[in-house]
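Please treat every number below as a calculation from the coordinates, not as lab data. Every value quoted in this text rests on a predicted model; they were computed, and no experiment measured them. Positions of Cβ are backbone-derived with ideal geometry, glycine not excepted, and every protein chain shown enters the neighbour counts.
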C-alpha cells in the first residue's frame, strides 16, 4: 500500500512540475509583450462569458483584448466571443476539469501578443481543479453569482485564497433573491483578508463601471 501511494505522489509531482515549466514559459512570453493576463474561474452558469462579451464591447477602441475559452465540449462560448471581433481560441478539455499551462502555451502561439493588451482565460466551469493550476497568468479572478449560495467561499476556500479579486455577478437580481451579499463578502474575507471585491451586472448601465475601471487601471500600470 505504501509503495502504491509513493508512486501516485511521485507521478502527481511530475505532472505539476511539467505544468509549472509550461506556466513559466507562458509568463515569460506575456512579460516580453507586456500583455496582462487574467484567469477567470467560477462555477458553471456564473456568467463568465456574458461578462466577457459585454466587457469587450465597452473596452473596444481602448484596450486590445483576446480570449482563450476553456470548455469540456462545444465551441458555443468561443462563438459568442468571436462575434465581438476579437481574437479567440477554443480549448476543449474533454474529460479534464480544468485548463493546463501546456494548452495555454499552445493557444497563445495563435495570437499576435504584441497587439494584445489584455488576455482573458475563461477556465472550465469548476471551483476546485482550476484553483490550484498555474497557467502563467498575472492574476486569478474568482467569480461568484448571486444565484449561488453565499457560503461558496467557505465551501471552496482554495479558489478564494488563490484569487486576488472576487467578482460578484448578476448583482441586479439581488432584490429577487435570498442571497446575503454581506455574509458572502465576510466569508471571502475570512478566507482571504486582502481579496478585492467588485460587484457587476452585465445588463444594467452602471453594472460594469467598477469592473471596467479596474481593468483600465491594470492596463495603465502594465504598459
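For Cα pairs less than 8 Å apart in space and 6+ apart in sequence, what is the mean separation divided by the residue count of the chain, i.e. the relative contact order in percent?
On the way: 403 pairs, mean separation 53.4, N = 223.
It rounds to 24 percent for the chain.
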Residues 155, 217 arranged by fewest to most Cβ contacts within 10 Å: 217, 155
Per-q log10 I(q)/I(0), the chain, q = 0.11, 0.12 Å⁻¹ (Debye; single scatterer per alpha-carbon; no solvent): -0.54, -0.64
C-alpha center-to-center spacing [region 25-100, region 151-181] in angstrom: 21 Å
Overall form of region 150-223 per C-alpha gyration tensor (a/c, 1.5; a/b vs b/c): oblate
